[in-house]
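The values are calculated or read from the model by the stated rules, or taken from the named source; none is laboratory data. This one's a predicted model, so the numbers in the text were calculated from it and none came from an experiment. Here the Cβ is made from the backbone with ideal geometry for all residues, glycine too, and neighbour counts use every protein chain on show. Quick note on the areas: whole protein, heavy atoms, side chains included, nothing else; ligands and nucleic acids left out. Shrake-Rupley method; radii C 1.70, N 1.55, O 1.52, S 1.80 Å.
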Amino acid sequence: MADDAPFPEPDDAARSGAGSASWEPYQSPQGSRGGALRLLRRYAFSITAGTIALAIGLLIYFAPTRLTPDPGALPTADDEPTSTLSVDSQPPGAVVIVGADTAGVTPIDNHPLPPGTYLVTIDRADYGSRDTVITLSAGQSAALSPRFSRDESAVAAQGQAAARSQGSAPAGLSSGEPSPSSPSPSPPGPGDETPGSASDGPAASSRSDPSTAPAGGDIAPVTGTLVLRATPDRATVALDGEEVGATPATLTEVTTGTYAVTFSRPGHKTVTRRVDVSATDTATVTATLKRRTGHLRVLVRPWGSIYINDQRRAENSDVWYDTTLPAGPYTITARHPALGETSRPVTVAPQDTQSVVVDLREQ
C-alpha cells in the first residue's frame, strides 16, 4: 500500500471523538519537497527560451553602435538637412573665411555648413575686406554678393607720355638726341635728297646737328632743374616711365614741361606725383613711401589676451582680433590666467590675410 494513502491514523480517530467522521489526509515529506522540482522540470524549456530572448533583446538595445554612433558615418535621410553658402564677389578672386576655416576663393557655390551663426570675412587683395555675420537654419541657403571698389588714391597716373609734347626730353638728353617718347626719324630715301623736299623744312632740322642745319633752323630747348627726395632714401625714380636714378637726386637740364614722377622701393608702395618743370624755378618733388601691408586675424580659445611681438593688442578676448601690419615676420602670444601662455610665429604677406587660431587647451 502507498505511503500517501488517505487513511486516518488511530490516534486521530480517537481524538475526533466517537462517532465523528472527520480525518486529515497524510502528506508525505518527500512529496512536498519534490513539488517545486517537478514544476521546474515541467516549465524548464519555456523558462530557458524566455531568458535567451530577453538576453538577446538587451544586447541589441544596449549595443555599442547604438550608444556611441560613428561620427564619420554618412548622414541618413532622417538627419538634419545641411545648410549652404554661396559667395560671388565683384571683382572675383576674393578669399572667403567662414569662422576659422577658409572656404575658398570666389565665386563659391553651395558651400556646405551645419546650421548655426558664422562670421564670414571676404577679403580681396588691393581692395580691402568685409565682415558679415550670418545665421543659417537647417536646410537654409544663403548668398552673398559683395562689390569692391579700388581706392582711387592708390591708382598711379598712367599714359602721361602720350600727353607730353613731342619736343620735350627727359633729363640727361641733349637737344640733338631724339626723345624716347617720340618716333625716331626715318632714314632719308633717294627722293628726300633733292632740293626743295619736305626734309629741308624747320620741323626736320630742329633735332639735327647744328653744324648741318640751316641758319636759324636749330632751336635749343628750354630746360630747368628738378630735385627729387623720398622717405626712406634710395627710392628708384622714373620720369614718365623712364628710370633716371635714385633719391636723393638733383636733375639739371630737364626739358620744361609736365612729368609724372614715380617713386618705387622694394617692400613699399609705389607713389606717383605730377610736376611742372619751368626754366625760371627749381621744381622739388618729395614722397613718403609706405611699407606694403597685410591683414592679420587672431582668435584665442577659450579666451585670453593677445600679444604681437610682446605688445598687448587685446585683453581677455574671445572673438576675432583684426589688424593691419607691415609685411614681415611676427610672434603671436596668447595668455590665460589659468591655462598659461602659448606663442606662435607667423609671417604677414603683402596684400594678404593671415588667420591664426590659438587653442590654449591643447598645450
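Could you check how many residues of segment 107-146 are in a strand (DSSP E or B) and among the aromatic types (Phe, Trp, Tyr)? Let's see the steps before the verdict.
From segment 107-146, those in a strand (DSSP E or B) are 108-113, 116-124, 128-136, 141-144; that's our starting set.
This time we only want the ones that are among the aromatic types (Phe, Trp, Tyr), so: 118.
Number of matching residues: 1.
So which pairs qualify, if the first residue must be in segment 310-329 and over 16 Å from Ser343 (Cα atoms), the second must be open to solvent by 90 Å² or more (accessible area, probe 1.4 Å) and assigned to a strand (DSSP E or B), the Cβ gap must be under 6 Å, and the two must be at least 6 apart or on different chains?
Pro326/Arg291
Against the definition (open to solvent by less than 60 Å² (accessible area, probe 1.4 Å), at pLDDT below 80, within 30 Å of Pro350 (Cβ to Cβ) and not hydrophobic (A, V, I, L, M, F, W, C)), how does Gly93 come out, yes or no?
On the way: open to solvent by less than 60 Å² (accessible area, probe 1.4 Å): yes; at pLDDT below 80: no; within 30 Å of Pro350 (Cβ to Cβ): yes; not hydrophobic (A, V, I, L, M, F, W, C): yes.
Here the answer is no, as Gly93 does not meet what is asked.
Could you give every pair whose Cβ atoms fall below 8 Å, whose first residue belongs to segment 274-289 and is touching a residue at least 24 places away in the same chain (Cβ under 8 Å) and over 7 Å from Gly224 (Cα atoms), and whose second residue is surrounded by 14 or more Cβ atoms within 10 Å (Cβ to Cβ) and among the charged types (D, E, K, R), counting only separations of at least 6 or pairs across chains?
Hits for this filter: Thr284/Arg229; Val285/Arg229; Val285/Arg273; Thr286/Arg229; Ala287/Arg229; Ala287/Arg273; Leu289/Arg265; Leu289/Lys269.
Which of the strands (runs of 3 or more DSSP E) found entirely inside segment 284-348 contain at least 3 residues meeting this: surrounded by fewer than 17 Cβ atoms within 10 Å (Cβ to Cβ)? Break it down into steps so the answer makes sense when it comes.
On the way: elements: 293-301, 304-308, 311-317, 321-326, 328-336, 340-348.
Because the criterion is at least 3 residues that are surrounded by fewer than 17 Cβ atoms within 10 Å (Cβ to Cβ), the strands (runs of 3 or more DSSP E) in segment 284-348 that meet it are 311-317, 321-326, 328-336, 340-348.
Take the residues in segment 349-363 that are over 30 Å from Pro266 (Cα atoms) and outside any strand (DSSP E or B), then tell me which one is modelled with the lowest pLDDT. Lay out the reasoning, then the answer.
Let us first name the residues in segment 349-363 that are over 30 Å from Pro266 (Cα atoms), namely 357-363.
Okay, now just the ones that are also outside any strand (DSSP E or B), so 360-363.
Working: Leu360: 89, Arg361: 88, Glu362: 84, Gln363: 72.
That would be Gln363.
Just to be sure, is Thr262 in contact with a strand residue (DSSP E or B) (Cβ under 6 Å, 6 or more places away or on another chain) and more than 30 Å from Gly93 (Cβ to Cβ)? Can you show your working first?
Working: in contact with a strand residue (DSSP E or B) (Cβ under 6 Å, 6 or more places away or on another chain): yes; more than 30 Å from Gly93 (Cβ to Cβ): no.
Criteria not met by Thr262.
Tell me yes or no: at least one residue of segment 296-312 is within 34 Å of the chain's Cα centre (by Cα) and among the acidic types (Asp, Glu). Spell out how you get there, then give the answer.
First, the residues of segment 296-312 that are within 34 Å of the chain's Cα centre (by Cα): 296-312.
Checking the rest, the ones that are also among the acidic types (Asp, Glu) come to 310.
Yes.
Give the residues of segment 80-106 that are in contact with an Asp or Glu (Cβ under 9 Å, 6 or more places away or on another chain) and part of a loop (DSSP other than H, G, I, E, B), sorted by residue number. Give the steps one after another, and end with the answer.
Taking segment 80-106 first, the residues in contact with an Asp or Glu (Cβ under 9 Å, 6 or more places away or on another chain) are 84, 86-88, 94-97, 106.
Passing the criteria: Asp88, Ala94, Thr106.
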